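Report on the following structure.
The values are calculated or read from the model by the stated rules, or taken from the named source; none is laboratory data. Since this is a predicted model, take the numbers as computed values, not measurements. Virtual Cβ from ideal backbone geometry, glycine too; neighbours counted across all protein chains shown. These accessible areas exclude ligands, DNA and RNA; they are computed on the full protein's heavy atoms, side chains included. Shrake-Rupley method; radii C 1.70, N 1.55, O 1.52, S 1.80 Å.
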Amino acid sequence: QVQLVESGGGLVQAGGSLRLSCAASGRTFSSNAMGWFRQAPGKEREFVATISRTGNNIIYADSVKGRFTISRDNAKNTVYLQMNSLKPEDTAVYYCAAGPRNMILTTIMVDYWGQGTQVTVSS
């Protein structure tokens, strides 16, 4: 069992930055791929980024490529999402996700979800 707790969301102006953190409980953090998804009002939850167990492989959604950076610290059981050059269309609830496969690209691949943290980007 893995429990995920996100933090770091908030309100920021367009062009600004935020850093999301996701702290995981349990001893199996390093055996799980980690990912970030987001869900805007009235829209489906969508993939943002994923990182493999060792951190050697990373994939981003095209919409955030070049602006967001995912990383993990297995010693701290924590995954991060650094978000730069934020746009109003990045406004959403951001969810941390964990799964046993090498990468997490869809919601079907997720075994565990965090509770979500709100990110609001004003224009």
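Would you tally the residues in segment 10-50 being aromatic (F, W, Y) and over 18 Å from T120 (Cβ atoms)?
Our first condition is that a residue be aromatic (F, W, Y); within segment 10-50, this holds for 29, 36-37, 47.
Subsequent filtering for residues that are over 18 Å from T120 (Cβ atoms) retains 29, 47.
The number of residues fulfilling the criteria is 2.
Tell me, which strands (runs of 3 or more DSSP E) lie completely within segment 12-115 with 1 or more residues that are of a type in the set (F, W, Y)? Give the steps one after another, and end with the answer.
Details: elements: 18-24, 33-39, 46-51, 58-60, 68-73, 78-83, 92-99.
Result: 33-39, 46-51, 58-60, 68-73, 78-83, 92-99.
So which residues in segment 33-59 are under 25 Å from E89 (Cα atoms) and surrounded by 18 or more Cβ atoms within 10 Å (Cβ to Cβ), if there are any at all?
Filtering segment 33-59 for residues under 25 Å from E89 (Cα atoms) gives 34-51, 58-59.
The answer is M34, G35, W36, F37, R38, R45, F47, V48, A49, T50, I51.
Could you please give the count of residues in segment 22-32 that are open to solvent by 30 Å² or more (accessible area, probe 1.4 Å) and either in contact with a strand residue (DSSP E or B) (Cβ under 6 Å, 6 or more places away or on another chain) or within 22 Å of M83 (Cβ to Cβ) (or both)?
Filtering segment 22-32 for residues open to solvent by 30 Å² or more (accessible area, probe 1.4 Å) gives 23, 25-28, 30-31.
Those still in the list that are either in contact with a strand residue (DSSP E or B) (Cβ under 6 Å, 6 or more places away or on another chain) or within 22 Å of M83 (Cβ to Cβ) (or both) too: 23.
Here the count works out to 1.
Pick from segment 88-110 the residues that are charged (D, E, K, R) and surrounded by 14 or more Cβ atoms within 10 Å (Cβ to Cβ): which of them is farthest from S30 (Cα to Cα)? Full working, then the answer.
Here is the first cut: in segment 88-110, the residues charged (D, E, K, R) are 89-90, 101.
Now narrow it down to the ones that are surrounded by 14 or more Cβ atoms within 10 Å (Cβ to Cβ): 90, 101.
Details: D90: 28, R101: 12 Å.
Among those that are charged (D, E, K, R) and surrounded by 14 or more Cβ atoms within 10 Å (Cβ to Cβ), it is D90.
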